[in-house]
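Engineer: Below is one structure. I have some questions about it.
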Amino acid sequence: MAEKNNAAVKASLPGDRPAKEAIARMIRVDHAGEYGAKRIYEGQLAVLKGKECAPVIEHMKAQEQVHLDYFENQLTARRVRPTILHPLWHVAGFALGAGTALLGEKAAMACTVAVEEVIDEHYQEQLAQLPDEEAALKTSIERFRQEELEHRDTGLEHAAEQAVAYPLLTAAIKAGSRAAIFLAQRF
């Protein structure tokens, strides 16, 4: 099993990405994602400040800040450049958060559910690809994945599924989140 795990990020065929480059892409996209998540919560709080759900959103935002700080440190330590799309995530994350919050607290929570479900899948894929030599990174990603699942569960506990057009709203947000992951890995 360990041999298979280690082979996942090692270049073994012509055109395969070297392990260092694959890990750099992971760090870059995770940094971008955590920044985007923080901006989503900032957008939600700009609209929902003073509402009953605000402390819950503040808590999730604080956890995202811890994740972001970790990946910022990883960028520096590993000499990985951040995504060139950072300014886009700054605006898009806030707009998504504020936009869903304008639709109401349930829609804001539906946004959280959708984003966190995509992030769970994304982190699971990364964990399967990381070699054993990256134990510290794997441990951090798994811890963050668990916290993202808590955020999803929090959204569900706060009536996310009762948001107007929940299936359509979450499908659109999931598609956007997957597109953001694709772009951040490459740019």
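Engineer: Students often forget the sequence filter, so: which aspartates and glutamates lie under 15 Å Cα-Cα from K49 once same-chain residues fewer than 8 apart are removed?
Structural biologist: E58, E105
Engineer: I would also like to ask the following. To one decimal place, what Kirkwood hydrodynamic radius in Å is obtained for the range 17-186 from all pairs of distinct Cα atoms?
Structural biologist: 15.9 Å
Engineer: Now for a different question. Note the full-extension length gain between L103 and E21 as 0.36 nm times their separation in residues minus their Cα-Cα distance, in nm to one decimal.
Structural biologist: 25.5 nm
Engineer: Hey, another quick one. Just from its helices, what would the mean residue ellipticity at 222 nm be for the chain, if runs of 4 or more DSSP H residues each count -39500 (n - 2.57) and the sum is divided by every residue, rounded to the nearest 500 deg cm²/dmol?
Structural biologist: Mean residue ellipticity, 222 nm, calculated: -27500 deg cm²/dmol.
Engineer: If you average the alpha carbon positions of the range 48-69 and of the range 72-105, how far apart do those two centres end up, in angstrom?
Structural biologist: The range 48-69 and the range 72-105 have Cα centres spaced 15 Å from each other.
Engineer: Still on this structure: Let me check against my output: what whole-number percent is the relative contact order of the range 97-161, with C-alpha pairs under 8 Å and at least 6 apart?
Structural biologist: Rounded, it is 51 percent for the range 97-161.
Engineer: Evaluate the relative contact order of the range 17-186 (contact order divided by residue number), counting alpha-carbon pairs under 8 angstrom at least 6 apart; express in whole percent.
Structural biologist: 30 percent
Engineer: Restricting to DSSP loop positions (anything but H, G, I, E, B) with no more than 13 other Cβ atoms inside 10 Å of their own Cβ, which GluC sites (Glu not before Pro) remain in the range 47-82?
Structural biologist: Sparse-neighbourhood loop GluC sites (Glu not before Pro): E52.
Engineer: How many nm separate the modelled label positions at E58 and T139, each set 7 Å beyond the Cα in the direction of the Cβ?
Structural biologist: 3.2 nm
Engineer: Between exposed trypsin sites (Lys or Arg not before Pro) in the chain, where DSSP calls loop and at most 16 other Cβ atoms lie within 10 Å, what's the longest gap?
Structural biologist: 80-187
Engineer: Within the range 90-130, whose backbone N sits under 20 Å from a point 7 Å along Cα→Cβ of A46?
Structural biologist: Correct set: 90-113, 115.
Engineer: Right, another one. Label-point separation (nm) for E161 and H86, each offset 7 Å from Cα along Cα-to-Cβ?
Structural biologist: Label at E161, label at H86, 4.0 nm between them.
All of the numbers you see were taken from the coordinates with simple rules; none came from a lab. Here the structure is a predicted model, which means the values were calculated and not measured. Neighbour counts run over all protein chains shown; Cβ positions are idealised from the backbone, glycine included.
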